[in-house]
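The values are calculated or read from the model by the stated rules, or taken from the named source; none is laboratory data. On a predicted model such as this, the values are computed, not experimentally measured, just so you know. Neighbour counts run over all protein chains shown; Cβ positions are idealised from the backbone, glycine included.
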């Protein structure tokens, strides 16, 4: 478990499913999540991926709660990903953050991800971390820049929106 000035961060547990589902329920939130249609199945798969990263690699995303509260207001962290399109996003540490719509504009992602990245560097060693942000998501791009991520490529999945690929740490050769 990690803490920041305002939040308690913990690895996922089975009981997080309903709050994880609620996190992606707002259409505005889903707009930059690859157009997923929220369902309990999608949320269950996200929960399993998060827990699997922790089980297999010793790191993953954290469920973020305001101190003393039970409700998850964000899902942030560095997890092991395999996107399947190469370009430096297969089998690598990947940073990501999803903030509940009610908490946008309150500095949650920056505060939490600074703590997560410091923890990741201390426990896993400083290394390259990638992230991808849908083109046009100015708020997330600004957060990535403040966290030290720089653009290194772009990718447009079949039938999808263009993704901007970022990295922090050692760049791809």
Exercise for the section: Can you tell me which residue within region 102-121, out of those that are part of a helix (DSSP H, G or I) and in contact with a helix residue (DSSP H, G or I) (Cβ under 8 Å, 6 or more places away or on another chain), is surrounded by the fewest Cβ atoms within 10 Å (Cβ to Cβ)? Expected result: 110
Completion exercise
All-but-one check, residue 149 against (1) free of Cβ contacts under 8 Å to residues at least 12 places away in the same chain; (2) surrounded by 14 or more Cβ atoms within 10 Å (Cβ to Cβ), failing number (1)
Fill in the blank from the handout: Over region 122-143, the set of residues in contact (Cβ under 8 Å) with a residue 24 or more places away in the chain, part of a helix (DSSP H, G or I) and surrounded by 14 or more Cβ atoms within 10 Å (Cβ to Cβ) is 124, 140, 143
Practice task
Could you tell me which numbered condition residue 98 fails, if it satisfies all but one of (1) within 15 Å of the chain's Cα centre (by Cα); (2) over 14 Å from residue 76 (Cα atoms)?
Solution key: (2)
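Here's the yes/no breakdown for (1) modelled with pLDDT of 95 or more; (2) buried (at least 21 other Cβ atoms within 10 Å of the Cβ); (3) in contact with a helix residue (DSSP H, G or I) (Cβ under 8 Å, 6 or more places away or on another chain):
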position: 22; (1), (2), (3): no, no, no
position: 38; (1), (2), (3): no, no, yes
position: 54; (1), (2), (3): yes, no, no
position: 80; (1), (2), (3): no, no, yes
position: 85; (1), (2), (3): no, no, no
position: 92; (1), (2), (3): no, no, no
